[in-house]
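Okay, structure first, notes after.
The values are calculated or read from the model by the stated rules, or taken from the named source; none is laboratory data. Keep in mind that what you see is a predicted model, and the values were worked out from it rather than measured. For neighbour counting, all protein chains shown are included, and Cβ atoms are generated from backbone atoms with ideal geometry for every residue, glycine included.
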Amino acid sequence: MDSSPEKDKILPNLLRPLDFSICSPAPVPTVPFALLGPPSPAHQQRTLAQQDRSLRRTPCSAPPPSVHRSTPTRHDGIAKPVHPVDKPDEERACRIQRWRAPSGFLLRLPARDLCRLRAVCRLWRSFTYDPLFIREHTARHPGPLLLANFRDDQTHMHIHVVDLSGNVVKRIAADGHQLLCTRLDLACAETERNTCRVINPATGAAFVLPGVPIVGHRSDQNYSWPYSSFAFGHIAATGHYKVLRVMSWRDCIGFAQRQFVDVFTVNGPAEDAEWRKMAISENRVETSSAVVVDGVVYFLMDRVYGSMLDAGVDPGIRPDCIFSLDLDREEWRGDLQGPVSVNLSFNNIDDFDEYCSIWSQLTLADLKGSLALSNYCGYRSTIDLWVLAGFENGLWVKEFTIQTQSVVQMDGRRIKALFVLDDGRLVMHLGWTGHLLIYDPGTNSFAEVEMRPLDAVGMYTGSLLSLQVGDM
């Protein structure tokens, strides 16, 4: 490599600790936040055109030998016009060759090293900002990034992008909204007073959804202002992101709860840019238990059923029954029976205590794209983690049985499974303390992640390369 004063200054910097300010992208045209799905063909074409112009400014050091091509002629001897595609383009072929050669090497490097290499030259910098390159790199390096509300930020003014080492990669303004637990490349945050926003962590842009009331929902004036809860999911078939809102209404004395459900398409056509009223479910759902897996929202049954069980009244629904709603079709699906109460009966005196305690011990999660049901058994100090193998046949598979004596000091019901690492370890959130734990099934042991306590946490599936690092 030829040495130059500029390169002598740049290359030693690669050995220094990572400076995330290097990750700030070059000025490029801002893409509207409405374009939340995969980049459109027009956007990809503009991006490639920008890279093509950048590469054209860097000529090849050794162009391939020119190829002589005779001009085609017609039968009358007159020269036939050559279509531009048919013209020899050694320069373009050379640019493509130079583009492909380093991309294979760069795809092998972790994202942090690629952020450093952005300072080496304009060509490598253009690679690392290309959407297709970022997508391929993310597929090869699925290292976990988290979205989190820190507990010491009591007003929830920010959402933080952090890694499993506790490093804060980015801080995004949240304006008092609490993060939903999702597993997407976008985030969703809510308040209890019926406001919600969708946030793009890559750019910091936020889309504030319209609030309530909705015409037709408040026909009965005896009902007070509603409490709202939200769920956020992605429809792979259409690329749409949808927000589900469940409004819970109570009468003037606090009883006879009613629930209404609406859905909103964030990045759909203009005619869908409003809340759409859905059919009311026959059963009431526990809104805080919601989890979205592959475009389907799952709920546990409402706490009123749990209160009936605590009072010794059979609600007619088994405590581990799960309700589901299809975001794509925007309709309720059939109920799903959980595996915990299968061998227990409400009417059996020997099973009564265990049966009635099941509801308060359950949590739902999305593990590797499948619905997971976690059951904390206090008297055994264990967590059984079941994964749904098939919705139609209701088949569940027990993936983990975890001993919790060493980590659960207070309320073990607030342990929530988050995701499984590539090596099989399970990342969990201990709600009582706000700590992150990593469970190793090989050694049946826990390790605590050195990080500030968290009030809410989700998984960010985007790439570190796409993040505009810093405060937004």
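Couple of notes before you dig in:
- On the stretch given as region 153-198, residues that are more than 24 Å from residue 449 (Cβ to Cβ), surrounded by fewer than 21 Cβ atoms within 10 Å (Cβ to Cβ) and in contact (Cβ under 8 Å) with a residue 60 or more places away in the chain total 1.
- Residue match in region 188-209 (condition: closer than 23 Å to residue 228 by Cα, of a type in the set (A, V, I, L, M), assigned to a strand (DSSP E or B) and modelled with pLDDT under 90): no
- Filtered residues of region 300-354 (kept if in a loop (DSSP other than H, G, I, E, B), under 29 Å from the mean Cα position of the chain (by Cα), aliphatic (A, V, I, L, M) and modelled with pLDDT under 95): 340
- Residue pairs meeting the criteria (Cβ under 7 Å; at least 6 apart or on separate chains; first under 16 Å from residue 247 (Cβ atoms), in region 283-303; second surrounded by fewer than 22 Cβ atoms within 10 Å (Cβ to Cβ) and small (Gly, Ala, Ser)): 287/248; 297/324; 299/289
- Residues of region 320-360 satisfying the condition of being free of Cβ contacts under 8 Å to residues at least 12 places away in the same chain and either under 22 Å from residue 296 (Cα atoms) or hydroxyl-bearing (Ser, Thr, Tyr) (or both): 329, 334, 345
- Region 408-424 - residue that is at pLDDT below 85 and basic (Lys, Arg) and, of those, surrounded by the most Cβ atoms within 10 Å (Cβ to Cβ): 413
- Test: residue 305 is surrounded by 15 or more Cβ atoms within 10 Å (Cβ to Cβ), assigned by TED's automatic domain parsing to the domain that holds residue 177, among the hydroxyl-bearing types (Ser, Thr, Tyr) and out of contact with any Gly (no Cβ under 8 Å at 6 or more places or on another chain): yes
- Test: residue in region 224-242 that is outside any strand (DSSP E or B), among the β-branched types (Val, Ile, Thr) and either at pLDDT 90 or above or within 30 Å of residue 460 (Cβ to Cβ) (or both): yes
- Taking residues in region 114-126 that are closer than 16 Å to residue 464 by Cβ and outside the structural domain of residue 467 (by TED's automatic domain parsing), and partners anywhere that are aliphatic (A, V, I, L, M) and outside any helix (DSSP H, G or I), the pairs with Cβ atoms closer than 9 Å and at least 6 places apart or on different chains are 115/18; 115/469; 116/18; 117/109; 118/26; 125/26; 125/119.
- Within region 361-380, the residues that satisfy the criterion of being part of a strand (DSSP E or B) and not small (Gly, Ala, Ser) are 362, 363, 364, 366, 367, 371, 373, 375, 376, 377.
- Subset of region 381-407 (residues that are surrounded by 12 or more Cβ atoms within 10 Å (Cβ to Cβ) and in a loop (DSSP other than H, G, I, E, B)): 381, 391, 394, 404, 407
- Which listed residue, of 312, 394, is in the same structural domain as residue 290 (by TED's automatic domain parsing) and either in contact (Cβ under 8 Å) with a residue 40 or more places away in the chain or on the phi < 0 side of the Ramachandran plot (or both): 312
- Only one entry in 447, 456 is under 16 Å from the mean Cα position of the chain (by Cα), hydrophobic (A, V, I, L, M, F, W, C) and over 25 Å from residue 140 (Cβ atoms), namely 456.
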